[in-house]
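Structure, as structure tokens:
The values are calculated or read from the model by the stated rules, or taken from the named source; none is laboratory data. No experiment lies behind these values; they were computed from the predicted model shown. Neighbour counts run over all protein chains shown; Cβ positions are idealised from the backbone, glycine included. With ligands, DNA and RNA removed, areas are computed over all heavy atoms of the protein, side chains included. Shrake-Rupley method; radii C 1.70, N 1.55, O 1.52, S 1.80 Å.
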Amino acid sequence: MGQQNVTRAGLLGWMLFDWAAQPFFTVIVTFIFGPYFVSRLTSDADYGQAMWGYTLTVSGIIIAILSPILGSIADATGARKPWIAFFAVIKITALSALWFAAPGSPLVIPLICIVLATIAAEFSIVFNDSMLPKLVTEEETGRISNLAWGIGYLGGMIVLIAVVALLAGSPESGKTLLGLDPLFGLDPATGEDARITGPISALWYLVFILPMFLFTPDTKKTAISARAAVRSGLRELGHSLLELKQREGMLRFLVARMIYQDGVNGLLALGGTFAAGMFAWRTVELGVYGIILNVVAIGGCLYASRLDRKLGSKTIVMASLICLVIATLGIVSTGPGYTLFGLLPLSTDDSGGLFGTAAEKAYIVFGLLVGIAFGPVQASSRSYLARSVRPDEAGRYFGLYALSGRATSFLAPASVATITLATGSARLGMMALVAFLGLGLLLLLMTPYPASKRA
């Protein structure tokens, strides 16, 4: 089974899935709702970060257990779109319910909604990613994967800009970044500017996954019952796990990716909450910070889309990981009046306005390194695997790929949360991410490229 005949509209529809999905990660998890949860829904920011970390931990465990099974079932049944539609209903419903997460309300409701939305988002990505090897040639996978990721960041940035420019009012003035009254009469004092991001992300996802359903070809559905599909999927999963013993390069890649993706996930999920706790950034500051990172991320993905074809996916992933290690060390070493663990003292004067202190500006500089790298490290990892598998086994291996991204995903946020609670320092908690990124990089150094090649 090889590539399908795909029209330009069909390929664009597949790429628009990233455009549709990214606002959830950009606006909800990283820059707006996550920091709102940490700084506004709880009275203690360190406790809030720990609870947020444990929420991501629960999601990661469930995703790790079920992703490879669902990927194998997808190979057995053929069709991917019905699964994406099923999980879209869950994701859209959960995101819409975040509107009710007002200050003083029980934490359990937004926690459950985030768990459900994260699970649905990640499972949808498994099925969407597994379509890639049948849509483009092996030579084009890196370019298309990075372009799609860049388009996704553009979508996330547009939603982020809309939030800070039109919806998020300053607690002091009540005006948005453009000096306007927030649309819909949103009240920043009750967190409505952050809570509205749930319904907005849900609507954005609903609208922009439609081109994929309308124009992108799906594998033909096989005539198999649900029970038979589950049995077949579990059997294929078992076969894949046994097969990894003979595919040493693939096993090494999946283990390396399992470790470094934990660090990436933790950095994306907790970087905004860390800044919110340290600098007391609110929705406007976090939104502008996110916009800056997304602008850089788009450029990083576009540039990496060309380099991936010339240098190979492995080189792009390794360079990105080095950049992320440096950036994480810089972020955790920065605080009011210093950076680089105190080796570089900074003025504590506040010039007023956005990012008025020198420490905040230093934090943004290190954040730019994150922006450059966190798109290519994920997009080129996806093309690394796509170049290493046959189209007819893509579902189960992308299921294992999702497993490798989530199997120990509870370890990074749980490590950050546990160290934070034990030491009372979010800074020491965030240092755990450096270990995940560094160890994953070392293992990737010893991995063949493509992963199907003998070491």
Mean Kyte hydropathy of -1.0 or more with a Cα span along the axis of at least 27 Å, helices from DSSP in the chain: 45-77, 108-129, 141-162, 248-279, 283-311, 313-332, 358-386
Projected area averaged over orientations for the range 256-380, convex hull of C-alpha atoms, nm²: 7.7 nm²
Qualifying lysines (Cα of each under 17 Å from Cα of Lys220; at least 8 residues distant if same chain): Lys81, Lys134
Cut-off under 5 Å, modelled amide H: who pairs with Tyr338 long-range: Leu346
Cubic angstrom per residue, convex hull over Cα atoms of the range 236-290: 104 Å³
Length-normalised contact order of the chain in % [C-alpha pairs under 8 Å, at least 6 apart]: 30 percent
Alpha-carbon radius of gyration plus Dmax, which is the widest Cα pair, for the range 10-139 in Å: 16.4, 53
Point-to-point label distance, Leu344-Leu439, nm (Cα→Cβ direction, 7 Å offset): 2.9 nm
Candidate residues Tyr36, Tyr338: accessible-area rank, largest first, probe 1.4 Å: Tyr338, Tyr36
Distance (nanometres) between label positions extended 7 Å along Cα→Cβ at Arg390 and Thr315: 3.0 nm
Å² per residue, accessible surface of the chain at 1.4 Å: 38 Å²
Distance between modelled label sites at Ile112 and Ala189, nm, 7 Å Cα→Cβ extension: 3.1 nm
